[in-house]
1. Name the single residue, out of those in region 53-74 being of a type in the set (A, V, I, L, M, F, W, C) and within 21 Å of Trp17 (Cβ to Cβ), that is nearest to the ligand (Cβ to nearest atom).
2. Kindly list the number of the only condition in (1) assigned to a loop (DSSP other than H, G, I, E, B); (2) touching a residue at least 60 places away in the same chain (Cβ under 8 Å) that fails for Phe221.
3. Name the residues in region 209-237 that are at pLDDT 95 or above, under 18 Å from Glu8 (Cβ atoms) and of a type in the set (D, E, K, R), would you?
4. Residues in region 135-157: is at least one in contact with a helix residue (DSSP H, G or I) (Cβ under 6 Å, 6 or more places away or on another chain), of a type in the set (A, V, I, L, M) and part of a helix (DSSP H, G or I)?
5. Filter region 81-106 down to residues that are within 16 Å of the ligand (Cβ to nearest atom) and more than 19 Å from Val165 (Cα to Cα), then give me how many there are.
6. Looking at (1) touching a Pro at 6+ places or on another chain (Cβ under 9 Å); (2) surrounded by fewer than 20 Cβ atoms within 10 Å (Cβ to Cβ); (3) part of a loop (DSSP other than H, G, I, E, B), can you tell me which one Thr110 breaks?
7. Considering only residues that are closer than 19 Å to Arg100 by Cβ and free of Cβ contacts under 8 Å to residues at least 24 places away in the same chain, which ones fall in region 56-73?
8. Could you go through region 17-27 and let me know if any residue there is away from the ligand (no atom under 13 Å from the Cβ) and not acidic (Asp, Glu).
Amino acid sequence: MSANSKIEWTTHTYNCWWGCIEDGPECDNCYARAFSKRTGHDVWGLGPRRFFGDAHWKEPLKWNAAAAALGVHHRVFCGSMMDIAERRSDAVGEQMDAERARLWSLIKATPNLDWLLLSKRPQNFSTVLPVETERLPNVWLGTTAGTREGWEKRVKYLRKLNPVVRFVSVEPQLEAIDGVDLHGIDWVIQGGESGPGAREFKPEWARSMRDQCSAANVAYFFKQWGGRLKKETGRELDGRTHDEFPTWRAAAE
Ligand code: SF4
């Protein structure tokens, strides 16, 4: 929920709440939904959400202090068990608004943490995100595009915003995504689906995205091949790993 992360491209993950509602085929095998059910939390779809107390909200302050002591910036992925731009017009939605306001204050109080806000609903960023937060030096905004339709539907909303870093998570990639417009995009993460029932991810899809990023001078991070046992399939593409990050702040680590 909030800890050092096993996700290759971030230091920590943080969730303001648990729970979400699916938005596209990328969500079909949602790990967070399965994990919530397994741990006895019925927080998916239009149901309730699981909110957290003060101890949870203090964790990033400790991470920030640790990063500051080292003189570095650490990345925080928000969120792995939620979508920060999900909106609802009920009492749960009101609580989500309150938690978001708390997050914006936390982001300002943690300058040594780079907050990576990844959403399948980038069309909502402009309404949920205060304008000054959008342009803070420690806020990156990203969206997911595992299909061509997802790219066309979502990436255009990132370009309407002006964060220090715009990124696209092409994961889980479910089909070829060729000839895309990378204008205004700083970073692409790509990967196949993992876990039981993982859907196919073809090598030519990986090579195509790598080459498109190279041609457009966009930082490219190849996260994984995925599959049922992702440790066995690994992270190498044509004999090497691809672990690029946007270069706007070389000290990010
Ligand atoms: S948006 Fe993310 S957390 Fe929400 S259902 Fe889809 S994959 Fe799961």
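1. Going through region 53-74, the residues of a type in the set (A, V, I, L, M, F, W, C) turn out to be 55, 57, 61, 63, 65-70, 72.
Retained after the next criterion (residues that are within 21 Å of Trp17 (Cβ to Cβ)): 55, 57, 61, 63.
Working: Ala55: 23, Trp57: 20, Leu61: 25, Trp63: 22 Å.
Once the filter is applied, the top-ranked residue is Trp57.
2. It fails just one condition, (1).
3. Within region 209-237, Arg210, Lys223, Arg235, Glu236 meet the criteria.
4. no
5. Going through region 81-106 one residue at a time, the tally reaches 10.
6. Tallying (1) touching a Pro at 6+ places or on another chain (Cβ under 9 Å); (2) surrounded by fewer than 20 Cβ atoms within 10 Å (Cβ to Cβ); (3) part of a loop (DSSP other than H, G, I, E, B), Thr110 fails exactly one: (2).
7. Listed by number, the list holds a single entry, Lys58.
8. Filtering region 17-27 down to residues away from the ligand (no atom under 13 Å from the Cβ) leaves none.
Taking every residue of region 17-27 in turn, none turns out to be away from the ligand (no atom under 13 Å from the Cβ) and not acidic (Asp, Glu).
The values are calculated or read from the model by the stated rules, or taken from the named source; none is laboratory data. Not measured: the values here are computed from a predicted model. Every residue, glycine as well, gets a Cβ built from its backbone with ideal geometry; the counts of neighbours run over all protein chains shown.
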